[in-house]
Amino acid sequence: MIVLHTMPRIGWGLLAPSPFCAKIELILRMMAIPHRLAPGLSAADAPRKKLPWIEDGALVVADSERIVAHLEATRGPLPGEARLTDARRATLHLARRAAEESLYFVIVAERWSDDAHRRAYARDLTASMPALARPLVTRMAHRMLTQQLWQQGTGRHPLAEALQRGVDDIDAIARVLGDEPWFGGADPVAVDAALWGSLANIWYTPIDGHLKRAVAGHPNLVGWLARVAERYASDVSRE
Ligand SMILES: N[C@@H](CCC(=O)N[C@@H](CS)C(=O)NCC(=O)O)C(=O)O
């Protein structure tokens, strides 16, 4: 049984309020691999100091990209992978990179740079904690993420400009999906899990911001988000 160290569920129809954690729980569901969740907010014990990571028997695997590669190598890839052309596989690789190395930081900026958004997000993220700890955890997370955004570069742009970069990523990802039901075409592939982790973390959050409006402008993405949720995450509370 795989143990998935992940961020705690906070509702909203999300498997996890982290694109990378949601991606790995979703791929485990898509591959029908038995697993149990070990939720927590701290990455201090994680082998690479980031969530998610997994234990597969005695083996520890960190980083969502490495985890997917490990699952595919040990359990076999999803059937749809074999039907991808090399060109399509390359396009999906780039779309996933855009989501995880560019859009991700804009999601964080939208959540944490705007006061109203930060309050809404932090309230639900810390809801299960003792009341006294909540403001402290919120302040620490805000400080850490503000530093990360600055060091990565997204935080050096005015928020409106950063958001536009995220909107451009979303527009491009919508074009990659086109009229297909899945990013894999007729069948879902691992990139569906990765992109759902990112886009569901925009679509299902209680933040009515630029990024959600950008997703709403693409009916193909909205339909695909619902398709994934219905097939693989219908048990997750929307509260
Ligand atoms: N490249 C990593 C990124 C994981 C990541 O950024 N995780 C965030 C949560 S969304 C984290 O653990 N942040 C804690 C920290 O930076 O201390 C992956 O694909 O797993």
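The values are calculated or read from the model by the stated rules, or taken from the named source; none is laboratory data. Bear in mind that the values here come from a model prediction, so they are computed numbers and not experimental data. Cβ coordinates were reconstructed from backbone atoms using ideal geometry, including for glycine residues, and neighbour counts include every protein chain displayed.
Table: residues versus (1) free of Cβ contacts under 8 Å to residues at least 60 places away in the same chain; (2) within 27 Å of residue 108 (Cα to Cα); (3) in the same structural domain as residue 124 (by TED's automatic domain parsing).
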site: 17; (1), (2), (3): no, yes, no
site: 22; (1), (2), (3): no, yes, no
site: 29; (1), (2), (3): no, yes, no
site: 33; (1), (2), (3): yes, no, no
site: 43; (1), (2), (3): yes, yes, no
site: 64; (1), (2), (3): no, yes, no
site: 71; (1), (2), (3): yes, no, no
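Would you mind stating whether residue 37 is more than 17 Å from residue 198 (Cβ to Cβ), of a type outside the set (Ser, Thr, Tyr), modelled with pLDDT of 95 or more and not in a loop (DSSP other than H, G, I, E, B)? Walk me through it before giving the result.
Working: more than 17 Å from residue 198 (Cβ to Cβ): yes; of a type outside the set (Ser, Thr, Tyr): yes; modelled with pLDDT of 95 or more: yes; not in a loop (DSSP other than H, G, I, E, B): yes.
Answer is yes for this residue.
Looking only at segment 1-43, filter to residues that are farther than 24 Å from residue 102 by Cα and among the small types (Gly, Ala, Ser); which one of those is farthest from the ligand (Cβ to nearest atom)?
32
Residues 155, 197: which one is small (Gly, Ala, Ser) and within 14 Å of residue 112 (Cα to Cα)? Steps first, answer last, please.
Details: 197 fails: within 14 Å of residue 112 (Cα to Cα).
Only one candidate qualifies: 155.
Name the residue, out of 39, 52, 77, that is in contact with a Pro (Cβ under 7 Å, 6 or more places away or on another chain) and under 28 Å from residue 230 (Cβ atoms).
Residue meeting the stated conditions: 39.
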